[in-house]
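Here is the structure we will look at, set down as structure tokens.
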Amino acid sequence: MGATENTAAGSVEIERWWPHLSIEAKHRLLAELDGPIDAETAAEIESLTGGTAPDRLTPGDQRYVVTQIEPVD
């Protein structure tokens, strides 16, 4: 599946919305990577993509987020 396609559940893939998410929303997700996505963050994801926000991050989404916050040499 490409970065602009929807997942099987109908939500937009993380590569499409994570880079554009507000710092506050990123911090909320990072505080509990394996927890449910809060309503405010979900609304922001839907606003950015015009699609459906996931209920929670998949293990693959969690790995993606970790790679995005690691420093690069």
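The values are calculated or read from the model by the stated rules, or taken from the named source; none is laboratory data. Keep in mind that this is a model prediction, so the values were computed, not measured. No Cβ is skipped: glycine too gets one built from the backbone with ideal geometry, and neighbour counts run over all protein chains shown.
Some values worked out for this structure:
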read-out: In segment 18-37, residue nearest to the chain's Cα centre (by Cα) [restricted to those that are under 21 Å from Arg63 (Cβ atoms) and charged (D, E, K, R)]; value: Lys26
read-out: Counted residues, segment 15-41 - those being at pLDDT 95 or above and touching a Phe, Trp or Tyr at 6+ places or on another chain (Cβ under 8 Å); value: 2
read-out: Segment 46-70, residues that are closer than 11 Å to Leu21 by Cβ and either exposed (fewer than 15 other Cβ atoms within 10 Å of the Cβ) or touching a strand residue (DSSP E or B) at 6+ places or on another chain (Cβ under 7 Å) (or both); value: Ser47, Thr49, Ala53, Gln68
read-out: Odd one out for Ala9 among (1) modelled with pLDDT under 90; (2) part of a helix (DSSP H, G or I); value: (2)
read-out: When residues of segment 29-43 are limited to those that are farther than 14 Å from Ile69 by Cβ and not small (Gly, Ala, Ser), the one surrounded by the most Cβ atoms within 10 Å (Cβ to Cβ); value: Ile37
